[in-house]
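Read through the structure below, which is laid out as C-alpha cells, and then see the notes.
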Amino acid sequence: MALDKSYGAINARKNDIIKNAMRIDYDEFEYEGIGFDYEGMMEKVGYSMDEMRDIQLSHGVGNTPLVELRNLTALARKYAPAGKGARIFVKDEAANASGSFKARRASIAVHHAKKLGYKGVIAATSGNYGAAVAAQAAMHGLKCIVVQECYDDRKVGQPEILEKQRICEAYGAEVVQLTVGPELFSTHLSLLEDTGYFNASLYTPFGIAGVETLGYEIAEQCRERFGKDPDVVVCTNAGGGNLTGTARGLRKAGANDTKVYGACIDLSGLHMASDKDFNKKSCTTGHTGFGLPFVTWPDRSDCPRNAARTLRYMDRLVTVKQGEVFYITQALAVLEGYERGPAGNTSLTAAFALAQEMDEDQIIVVQETEYTGAGKHVMPQLTFAKENGIDVRFGNPDEEVPGKSLVFPADPSQIKARDFDLEHAKKSYIKNCVKNYHMEKATEEDIKYIMEEIRKDRDFVVAELKGHGVDAE
C-alpha cells in the first residue's frame, strides 16, 4: 500500500523518518514537558574536537587563515571617537573546499553517513550548504540530493540562488528545485523516506558540531598571534547554526569572556514564505526574515529538535541594511583585495560599525567569508533588484524600505549596527512555548529548561509565563 505523501502525513511521520535517516531517536532526549536534553543530544555526535578536526583537514576543510583588514580598520577609525576603532579580522572560510564555512558542517555529517554505511545524503538548503554537502559526498563516493527553494511561482530565481544551484550540480548532486512555500522540509523528509539516504540537514547535531572547530580555531589563532582571546566575534545569523557552533567552539577553547554577536540584514516587512516577497529581497540568507523566526522558535526545522539554539549563546543581535552590505562588499574588494560573497559581508558590515564603539587595542573577528562568482556578485543582484522595481540609489541607509528601495550609504559614516531588542526576542520565545505546546501549567522542569534556553533568571521566566495565563509557581 502506497504511503500517504500529503504534507500533514509526512510531517506526522517525521520522527520515524529522521530515526531511520540518522539512527538517532530524538524521543530519548525528550523531557516530560516542553523541554529536552540538549547536551545529551549533542553528545550523540560521538566525535571529539581533535577527531572532528582530523576528519575536516583530511577533506579540505579547516585551518583557514585569520586575516587582518588593516585598511577597513583605518577607515573605521576615521569615523570613531578618539581612542576607539578595534582591529578588524576576518576568518577566511572561503578557503574551505566548496568555499564557505558550511563545509565544516557537511564534512562531519557526510563522514558519519559513510561510517554508518548509507549510500547517499540529502540536504534542504538555499545553496551554500548544498554545495558543501555535494562536495563532501563526492570526496566520500556517496550520492547526493539537494532540495533547493529557488523560484517564485513564475519560475523566476535570483542570480545568487541560481549560482548556488549551478555549483551543487557541478559537484555531482541531483538538485530538486522548488518554488517558495512550506514544501521545502516536507519534500526533504519524503525523499529521505523514499531513498533511505542519510539526513545531512543543517539542523542536526552533526551540522552544528562541525562548526565548533571554527570557534576553536579562532581562539587558538588569536592566542598564538596576540596572546589573548578576541573581544568580540560577529556571526551572520540565519538558521542559527553558524552562531551556535562558533560559540560552542569558543567555549570549548575556554574563551568564555569573548562576546558573540549575531548580525542580520533588515528585511522587516517582507515575508520569506510569500511568493510576492521572495524576489523583492536582494540577499538570500542572513536576513531577519529567516534569522528572527529561528531565534524565537528554533524547532521549525526538518528535525524534531534543532541543534542550533542561538538564544543560549548570543550576547547581542544587530541589524544592517542591504545597501550597507553591498557597499562593504565592494569596499572589501577595493580596499583589501578580497572579493567575497555577501553572507559573510553581513557580519563584516556590522563589525565595521561595532569596531567604532570599541577600544583601539581590542579585537573584533568576523568569523566567516564565502566564495563569490557569477550570480553572487553585487552587479547581477542589483540588476535583478531593478528588474523587480526596486529603487537603487545612494543616500541615507536609514531610509531604505525592504522590497521597495536599496540605499547605498552616501558616506561610510552612515553605516550602522542597529540593536535588536534581545529581551523582546526572549519574550517571544516564551510566547511561542506557550502557543506551540498549549501550555496551561509549567512544571519546575519546564521553567528550568526555558531559563537555559534564553539565559534569564527564574523570576523573568515565571513572570512571562504568568502573563500568558500559564500556572507557574
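The values are calculated or read from the model by the stated rules, or taken from the named source; none is laboratory data. If you're wondering where the values come from, they're calculated on a predicted model, not measured in any experiment. No Cβ is skipped: glycine too gets one built from the backbone with ideal geometry, and neighbour counts run over all protein chains shown. Side chains are part of the model used for accessible areas, which takes the heavy atoms of the whole protein and leaves out ligands, DNA and RNA. Shrake-Rupley method; radii C 1.70, N 1.55, O 1.52, S 1.80 Å.
At 0.890 mPa s and 25 °C, plugging the Kirkwood radius over alpha-carbon pairs of the range 1-140 into Stokes-Einstein gives what diffusion coefficient in µm²/s?
So the translational diffusion coefficient is about 132 µm²/s.
What is the mean projected area of the alpha carbon convex hull for the range 145-214, to one decimal in square nanometres?
Its Cα hull, projected and averaged over all orientations, spans 5.8 nm².
For a Förster distance of 56 Å, can you work out the FRET efficiency between the beta-carbons of E473 and K404, rounded to the nearest 0.05?
After rounding, the FRET efficiency stands at 0.70.
E444 to H424: FRET efficiency via 1/(1 + (r/R0)^6), r the Cβ-Cβ distance, R0 22 Å, to the nearest 0.05?
Working from the Cβ atoms, E equals 0.30.
How many percent of the accessible area of the range 1-128 is carbon or sulfur, using a 1.4 Å probe?
It is 48 percent, rounded to a whole number.
Which order do peptides 424-430, 268-274, 124-130, 363-369 fall in by mean Cβ count within 10 Å, highest first?
Highest to lowest by the protection proxy: 363-369, 124-130, 424-430, 268-274.
Given a 1.4 Å probe, how much area per residue of the range 188-294 is accessible, in Å²?
Heavy-atom SASA per residue in the range 188-294 reads 28 Å².
Enumerate the lysines that K435 could reach by cross-link, defined here as Cα to Cα under 28 Å, with residues fewer than 8 away along the same chain left out.
By straight Cα distance, K435 reaches K5, K14, K19, K276, K426, K427, K448, K456, K466.
Roughly how many nanometres apart are two label points built 7 Å out from the Cα toward the Cβ at A374 and L3?
Here the modelled spin labels are 3.2 nm apart.
Using a Förster distance of 30 Å, how high is the FRET efficiency between R393 and E68, based on the Cβ-Cβ distance and rounded to 0.05?
In this case the efficiency is close to 0.35.
Rolling a 1.4 angstrom probe over the protein heavy atoms, how many square angstrom per residue are accessible across the range 385-473?
Accessible surface, normalised per residue, equals 54 Å².
Full-extension gain between E39 and A12, please, as 0.36 nm times their residue separation minus the C-alpha to C-alpha distance.
7.2 nm
Can you quote the Å³ per residue value for the convex hull of the Cα atoms in the range 269-382, rounded to an integer?
Cα-based convex hull of the range 269-382, divided per residue, equals 141 Å³.
Using alpha-carbon pairs under 8 Å, 6+ residues apart, how would you state the relative contact order of the chain in percent?
Answer for the chain is 18 percent.
Dividing the Cα radius of gyration by the Kirkwood radius, what Rg/Rh value follows for the range 302-452?
1.06
Between the range 439-468 and the range 81-154, how many Å separate their Cα centres?
One Cα centre to the other: 35 Å.
Residues of the range 337-363 with backbone nitrogen within less than 16 Å of a virtual label 7 Å along the Cα-to-Cβ line of S413, please, listed as ranges.
353, 356-357
Mind checking the full-extension length gain between F226 and L178? Use 0.36 nm per residue of separation minus the Cα-Cα distance, one decimal, nm.
Between F226 and L178, full extension yields an extra 12.5 nm.
Where the accessible area of the range 219-324 is counted over protein heavy atoms with a 1.4 Å probe, how much of it, in %, is carbon and sulfur?
Answer for the range 219-324: carbon and sulfur cover 45 percent of the accessible area.
Just tell me which lysines come within less than 21 Å, Cα to Cα, of K280; anything on the same chain fewer than 8 places away is out.
Filter leaves K155, K164, K321, K376, K386, K404.
Counting Lys and Arg as +1 and Asp and Glu as -1, each charge on the Cβ, what is the dipole of the range 7-110 about the Cα centre in debye, to the nearest 20?
That gives a dipole near 1000 debye.
What lysines does K228 reach when the alpha-carbon gap must be under 20 Å and sequence neighbours fewer than 8 apart in one chain are set aside?
K84, K91, K252, K259
Using just the helices of the chain, give the 222 nm mean residue ellipticity in deg cm²/dmol: DSSP H runs with n ≥ 4 each add -39,500 (n - 2.57), and the total is spread over all residues, rounded to 500.
Mean residue ellipticity, 222 nm, calculated: -14000 deg cm²/dmol.
Hey, got the dipole for the range 298-370? About the Cα centre, +1 on K and R Cβ, -1 on D and E Cβ, debye to the nearest 20?
For this selection, approximately 500 debye.
List the trypsin sites (Lys or Arg not before Pro) in the range 256-308 that DSSP assigns to loop (not H, G, I, E or B) and whose Cβ has at most 15 other Cβ atoms within 10 Å. Which are they?
R300
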